[in-house]
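Every read-out reported here was derived from the displayed coordinates using simple, explicitly stated rules and does not represent laboratory data. Model, not experiment: these values are computed from the prediction. All Cβ positions, even for glycine, are placed from backbone atoms using ideal geometry, and neighbour counts span all protein chains on display.
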Amino acid sequence: MRALVVSDLHSNAEALRAVVSKTRRKRLDSVICLGDFVGYGAEPNQVLDVMRTLRGARYYIRGNHDRVASGIDDGSSFNHAARAAALWTRNHLSAVNRRFLAELTVGPLQHEDLLLCHGSPYDEDEYLFTEHHAGLVFKLFAARVIFYGHTHLPVLFSIDERGRVEGASIRGDATVDLDPAKRYLINPGSVGQPRDRNPQSSFALYDSGRGRIKFFRIDYDIEATQRSIHAAGLPRILADRLAIGS
Ligand SMILES: [Fe+2]
């Protein structure tokens, strides 16, 4: 498998366009999306139209914002800005995209030796930040590589044969050759709303044959995304935070 791995697109079509254009010439056969296609941003249909029609095998799962925007959940657990955007999204989805969102697979999704989830494999809404937490997940799930999202931070945790867990934040572009003796928990970061003080869009490429994961950060037209958020009348904070990556 040679897969594009994305998460937390959050209705940011400019960022997704930049990712697609950067990876167009790569020989990829699959796309993995770890949820939160929509929410926060103002271009849900543009993002979903692209994601529904990407070439290759598609392994997509639902995120918590997709759950609220598709009407499965009322969003009462969301903060004001997140809920406002989710409800706005609900009212602006095309029929085909509304159905696509509502029918997204609920994680975890197993594919060969991969496990895909949004928050953690046992809770779509759980934030996975620490080595201790990663150790619990490694204990409960035997997959060789677990991809997750939700925190909007590119991170790689590993566990060796002796049960030692190590976590590393990924800064900028990075290539990691996976050790066959270890298992991994990997977050590709967020395409549409990075939160590690780097406003560049984040994604990864996974090559199962080579046992390699490559992380990327790329520029996109942040101002265009901000303009679309303003034009939609969504809370200003949702536009402002994109410029600082928070
Ligand atoms: Fe998210």
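Out of curiosity, is Tyr122 among the aromatic types (Phe, Trp, Tyr), within 19 Å of the chain's Cα centre (by Cα) and within 17 Å of Phe37 (Cα to Cα)?
no
Quick check: is even one residue across the stretch 44-55 of a type in the set (A, V, I, L, M, F, W, C) and farther than 18 Å from Gly192 by Cα?
So far as the stretch 44-55 goes, no, none of its residues is of a type in the set (A, V, I, L, M, F, W, C) and farther than 18 Å from Gly192 by Cα.
Does at least one position in the stretch 15-27 carry a residue that is under 18 Å from Lys214 (Cα atoms), free of Cβ contacts under 8 Å to residues at least 24 places away in the same chain and among the charged types (D, E, K, R)?
yes
What are the residue pairs meeting all of these: first residue in the stretch 171-185, first residue part of a loop (DSSP other than H, G, I, E, B), second residue hydroxyl-bearing (Ser, Thr, Tyr), Cβ atoms under 7 Å, and 6 or more apart or on different chains?
Matching pairs, first to second residue: Leu178/Tyr184; Lys182/Ser158.
Take the residues in the stretch 125-141 that are closer than 24 Å to Leu104 by Cα and touching a residue at least 40 places away in the same chain (Cβ under 8 Å); name whichever of them is farthest from the chain's Cα centre (by Cα).
Applying the filter and picking the extreme gives Val137.
Being within 16 Å of the ligand (Cβ to nearest atom), assigned to a loop (DSSP other than H, G, I, E, B) and under 23 Å from Asp177 (Cβ atoms) is the filter here, so list the residues in the stretch 129-160 that pass it.
The answer is Tyr148, Gly149, Leu153.
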